[in-house]
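See structure below.
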Amino acid sequence: MGMASNAILIRVQRAMVRGVMVSAALGAGLLGSVLPAVSGLQQVQAAPAQAVAERSAQQWLQRWQQASRQQSYAGTLAMSGERGNLRSARVWHAVRDGRQIERVDNLSGSPRSIFRTEHAVHVFLRDKKELRIRTNMPRQATLFPGMMPLPGQLQAEAARYYRASHLGQERVANHVADVVAFAPVDGLRYAYRFWSDQKTGLLLKWQMLSSGATSAQADVLREVAFSDLQIQAPLSYALLEGMMKETSGYRVQQTALRATTLQQQGWAWRKPLAGYFVTHCYLRPPESLSGRAPSGPAPRGSAPANVAASPVTHCVLSDGLSSISLFFRPASAEGAHAVRSKGATSIRSQGIAGQQVTAVGEVPPAALQQLLDSLQRTSR
């Protein structure tokens, strides 16, 4: 594998890890009587035990999605991943008139604050005094405890690939939670266990399992859980929005993404990956993977200038729980083929019809390979 393609893979993997951190990150704070309560919050009433036990996978997904969009909350989240690494973060999530805003502060690693609204992400790198803004973000993208939303018909189709089982109740972060196992019906996705607040439906804890969703001895690949949480927290949307706009003293780098489709980029499936659907595709400038624009002569072994300067097409597929990112860019002279795994995250990259296509996801490696094998070029 060439140095240029290897560097691309490393950047993609780092971006994936950051994305996992962001998607998992939650937190506590910005609370108190001085902040106005958010009005119009809805609370899902607890259902009778028999009705809970009979919920389908689709009904559970709908309940969790609804709760994450309607509730304001604040808490501290703990995350475990590869090799037992532990991370923590704080989040403030406010809702106003159907709009959402969220602030995430990392408590581990480099200090950074991430603000997310409906269509934009602001990343404050506190130690570097840098602010990276991405606009025109797809609305479908979401953060834990939200779920990747799919249209109703697609969600019903995707939910067919899991079997839901209600395992009982446990306490998480001082909330009574329903414990639900999602067992896959094929080898293209992992098993999951979820803990959701019995009253509101908000997710409190999440585990990704290599197999055996209902087994106490299942191998836990990743876990995300609240250690403390206030649901229906009295948060101010306007206050969080004002913090996001405090950019004095920061070097600002802004990237506008442009929506596209696989078809517009000249790609099609020979056979779609069962249960997975494309939620969004967009074009991102080449510097958005590395975080800075290229400058000066290219290092020895790097991609040719026309490759390094080419925009990257990024598409996301999801079955409502598992997701896969596909990155397309012109292939360098090496036309690299790579296989790599890190904990639950798998990476596959290969040259297809003059393009270097990289697939990244927390899915079994066979799913990525099957996805790449089914891609075909329709135009150039």
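Packing, as the average of other Cβ atoms within 10 Å across residues, places the peptides 349-361, 320-332 in the order 320-332, 349-361, highest first.
When a/c is below 1.5 the answer is rounded, else prolate if a/b is larger than b/c, else oblate, so apply that to segment 49-112 with a ≥ b ≥ c taken from the square roots of the Cα gyration tensor eigenvalues. Here segment 49-112 falls in the oblate category.
Taking the average, over residues, of other Cβ atoms within 10 Å as the packing measure, peptides 364-372, 267-275, 186-194 rank 186-194, 364-372, 267-275 from highest down. Distance from the C-alpha centroid of segment 324-377 to that of segment 177-193: 25 Å, rounded to the whole angstrom. Were the residues from VAL220 through ILE352 laid out at 0.36 nm apart, the gain over their Cα-Cα distance would be 44.1 nm.
Were the residues from GLU118 through THR247 laid out at 0.36 nm apart, the gain over their Cα-Cα distance would be 44.5 nm. The lysines within cross-link reach of LYS245, meaning a Cα-to-Cα straight distance under 26 Å and a gap of 8 or more places when in the same chain, are LYS128, LYS129.
When each of the peptides 199-210, 103-114, 87-98, 118-129 is scored by the mean number of other C-beta atoms lying within 10 Å of its residues, the order from highest to lowest reads 199-210, 87-98, 103-114, 118-129.
Throughout, read-outs are computed from the coordinates displayed, never taken from laboratory work. A quick note: this is a predicted structure, and the numbers were derived from the prediction, not measured. With ideal geometry, Cβ positions are generated from the backbone for all residues, glycine too; neighbour counts draw on all protein chains shown.
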